[in-house]
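The values are calculated or read from the model by the stated rules, or taken from the named source; none is laboratory data. Worth saying up front: this structure is predicted, and the values here are computed from it rather than measured. So basically every Cβ, Gly included, is an ideal-geometry build from the backbone, and we count neighbours across all protein chains shown.
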């Protein structure tokens, strides 16, 4: 009788696990879900590896090598996203000759999921960028560039939501102010909106209306500006907003061996990462979610 009561208290599943020496997994064990974020920034049309005699980056980089790394990581974790933080164009004769066609086609072959727009992506004018969009089999996001009076109207969304292994991921983009950096004739009527105000609005929507479990900002604002500490940057964005989990940055070509940890307005952690330039590094952030969708993370930078 006592034995029957004991088994009844344990529950049927636990009892089965005990009887006969069976090794069924415990139903109380937390099953973690694993999302991998891979990212690049400021690749600047660097299609081939640097030459072996290059003074700074000998024998580093190259799209083919990046593709090999990405496929290897995807084979380890199918729940992988590949993102880019802008300045895809400008830097080698490939851009001068093909106008961005090759860059977008290669990124499509690598199966990028989402990218944002950097200032150099206007170097062939906004019409030149628009012309190449059919070659991009991935989405562009930018929340603080208002394109409503340009050819890019409706072609660039503020954010995109993706679901991996039941985890809802919201990805939005931010761009640097173009005035004084890019000729007006190149970006035409593109309007620049305040990144912090836009971020508060977008992240509130992603968190509280769309119920995203993970919110990522693709930023081309720049990591930090020591000479002007108040200038909007990724670090200042993280400190002065809420709800962002990860900022993937660009523009300043900042190399970080691992993400910077910043406290936001709610005293919660924000990861800020950037991996230099020219495709010589691939950023990797791994997020782990328990059964209640509480998350932990780790980050690293992989040399290509």
Count of residues meeting criterion [touching a residue at least 60 places away in the same chain (Cβ under 8 Å) and touching a strand residue (DSSP E or B) at 6+ places or on another chain (Cβ under 6 Å)] in region 174-213: 5
Condition broken by residue 257, with the remaining ones in (1) surrounded by 14 or more Cβ atoms within 10 Å (Cβ to Cβ); (2) more than 15 Å from the chain's Cα centre (by Cα) satisfied: (1)
Qualifying helices (runs of 4 or more DSSP H) (wholly inside region 1-111; at least 2 residues being modelled with pLDDT under 95 and surrounded by 11 or more Cβ atoms within 10 Å (Cβ to Cβ)): 2-10, 12-18
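Table: residues versus (1) at pLDDT 95 or above; (2) touching a helix residue (DSSP H, G or I) at 6+ places or on another chain (Cβ under 6 Å); (3) crowded, with 23+ Cβ neighbours inside 10 Å; (4) in the same structural domain as residue 288 (by TED's automatic domain parsing).
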position	(1), (2), (3), (4)
151	yes, yes, no, yes
167	yes, no, no, yes
171	yes, no, yes, yes
175	yes, no, yes, yes
178	yes, yes, no, yes
183	yes, no, no, yes
Close pairs from region 227-246: first more than 18 Å from residue 171 (Cα to Cα), partner surrounded by fewer than 15 Cβ atoms within 10 Å (Cβ to Cβ) and modelled with pLDDT under 95, Cβ under 9 Å, at least 6 apart: 236/229; 236/230
Per-region count, region 110-148, residues within 25 Å of residue 247 (Cα to Cα) and without any contact (Cβ under 8 Å) to a residue 60 or more places away in the chain: 18
Pick from region 274-296, criterion in contact with a helix residue (DSSP H, G or I) (Cβ under 9 Å, 6 or more places away or on another chain) and closer than 24 Å to residue 167 by Cβ, ranking: surrounded by the most Cβ atoms within 10 Å (Cβ to Cβ): 274
Check on residue 131, closer than 29 Å to residue 71 by Cβ and either assigned by TED's automatic domain parsing to the domain that holds residue 62 or modelled with pLDDT under 95 (or both): no
Count of residues meeting criterion [more than 17 Å from the chain's Cα centre (by Cα) and closer than 22 Å to residue 138 by Cα] in region 164-197: 4
